[in-house]
Amino acid sequence: MDFLEAQAKRMKAGKAFTAKVLSTNEGMSRLLLSVPPSINSYYATVNGRRILSKTGREYKKILSYMRVKQLSGSIGVQVVLKAKDKRRRDLDNILKALLDALGGCGLYDDDSQIDELTVIRGDKDPEHIIEVTVWERSE
């Protein structure tokens, strides 16, 4: 199944992932993304090994289509969760899959570059999205 088929199938199920670049320039990118799959559905265990699940691969692939400038050196990341409802959610549960996918789309080389990380619970939004700002930190 190719990317467009996977996207169409997920859209029919009401589960399409979206990724939009709000702005990108030397040293900073602002993104609007679907909330990533939970860590429980982002990875799968096959023959005793943890691998990226089908859902995880789809999320990572959607993000890979974004055109962003690669950031180098020490970076900061701010994540604002705009959930569709006021259910209790652990903010830290979105980070692993999100940071992995952002590295996979070429925004940065490795999660170890992140020296500043802020996660904020934002206002309710029916789209169930996250706003991400990533910037190069001056050292």
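The values are calculated or read from the model by the stated rules, or taken from the named source; none is laboratory data. Fair warning: this is a prediction, and the values are worked out from it, not measured in the lab. Please note: Cβ atoms are built from the backbone with ideal geometry, for glycine as well, and neighbour counts cover all protein chains shown.
Quick look at the numbers
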{"quantity": "Residues of region 57-79 classified as of a type outside the set (A, V, I, L, M, F, W, C), modelled with pLDDT under 90 and touching a Ser or Thr at 6+ places or on another chain (Cβ under 8 Å), total", "calculated": "3"}
{"quantity": "Residues located in region 23-33, provided they are over 14 Å from the mean Cα position of the chain (by Cα) and part of a strand (DSSP E or B)", "calculated": "S23, T24, N25, M28"}
{"quantity": "Positions within region 34-67 being closer than 25 Å to D123 by Cβ and either assigned to a loop (DSSP other than H, G, I, E, B) or in contact with a Pro (Cβ under 7 Å, 6 or more places away or on another chain) (or both), in sequence order", "calculated": "V35, P36, P37, S38, Y59, M66"}
{"quantity": "Filter result for S41 (in contact with a Lys or Arg (Cβ under 7 Å, 6 or more places away or on another chain) and either surrounded by 15 or more Cβ atoms within 10 Å (Cβ to Cβ) or farther than 15 Å from C105 by Cβ (or both))", "calculated": "no"}
{"quantity": "Cβ pairs under 7 Å, 6+ apart, first in region 26-40 and β-branched (V, I, T), second not in a strand (DSSP E or B)", "calculated": "V35/I94; V35/H128; I39/N93; I39/K96; I39/A97"}
{"quantity": "Residue selected from region 110-126 under the condition more than 15 Å from the chain's Cα centre (by Cα) and not in a helix (DSSP H, G or I), by the criterion farthest from R87 (Cα to Cα)", "calculated": "D115"}
{"quantity": "Answer from G106, G73, G56 - the residue that is surrounded by 15 or more Cβ atoms within 10 Å (Cβ to Cβ) and under 25 Å from R137 (Cα atoms)", "calculated": "G106"}
